[in-house]
């Protein structure tokens, strides 16, 4: 899952980014409204965390612009303003939820999970393909009744495949959803991670699940 944070307070932005990355989300951070709005339109984000008071363009304006441009990613508005009218204005502008500062990271994380559950492509229950199971709540993976040990990025990659079973995913789509803007496009990173993941979930099993479609991409299917 890839998340965009649009927040001009660098300490707050870093705090959120660090916590989300520890939860294995890919995170991009913008510190002004114009850049943030541009990134939100140009990249495929699963969720946007948006501060209300921003330089160059405020959160209300960004919300309305994104919804007008058919950007449907859930928006969590984050701000120090706690008046009822401010919350109503944020929700009316297109935000899906509203959290006031100061906040606990646990609450922020819970609200993010709730927003993702509401989106069409996200489910909290265990994901299954044949004898392969991925449980998002415990972040555990099993195949044939045995636990598969994955690194954080391998887990994020497999979760993306599990949520798109049977669909051929291009390298660009994988990068957009699993990595952030610091991804080195010149490196062979995706293929390396695909190789590691395939070894962990397919090695020793007669039925292979992760397939390369030459010239197109990769697909997880029986």
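The values are calculated or read from the model by the stated rules, or taken from the named source; none is laboratory data. Remember, predicted model here, so these are calculated numbers, not experimental data. Neighbour counts run over all protein chains shown; Cβ positions are idealised from the backbone, glycine included.
For the reader, a short list of remarks on this structure follows.
- Qualifying residue in region 98-118 (condition: touching a strand residue (DSSP E or B) at 6+ places or on another chain (Cβ under 8 Å), in a loop (DSSP other than H, G, I, E, B) and closer than 25 Å to residue 36 by Cβ): yes
- Breaking point among (1) assigned by TED's automatic domain parsing to the domain that holds residue 50; (2) surrounded by 14 or more Cβ atoms within 10 Å (Cβ to Cβ), for residue 92: (2)
- The lone exception for residue 123 - which of (1) in contact with a strand residue (DSSP E or B) (Cβ under 6 Å, 6 or more places away or on another chain); (2) modelled with pLDDT under 90; (3) in a loop (DSSP other than H, G, I, E, B) it fails: (1)
- Output for region 56-70, where each listed residue is under 20 Å from the mean Cα position of the chain (by Cα) and surrounded by 20 or more Cβ atoms within 10 Å (Cβ to Cβ): 62, 63, 66
- Search result, residues across region 164-208 that are assigned to a loop (DSSP other than H, G, I, E, B), in contact with a helix residue (DSSP H, G or I) (Cβ under 6 Å, 6 or more places away or on another chain) and at pLDDT 90 or above: 208
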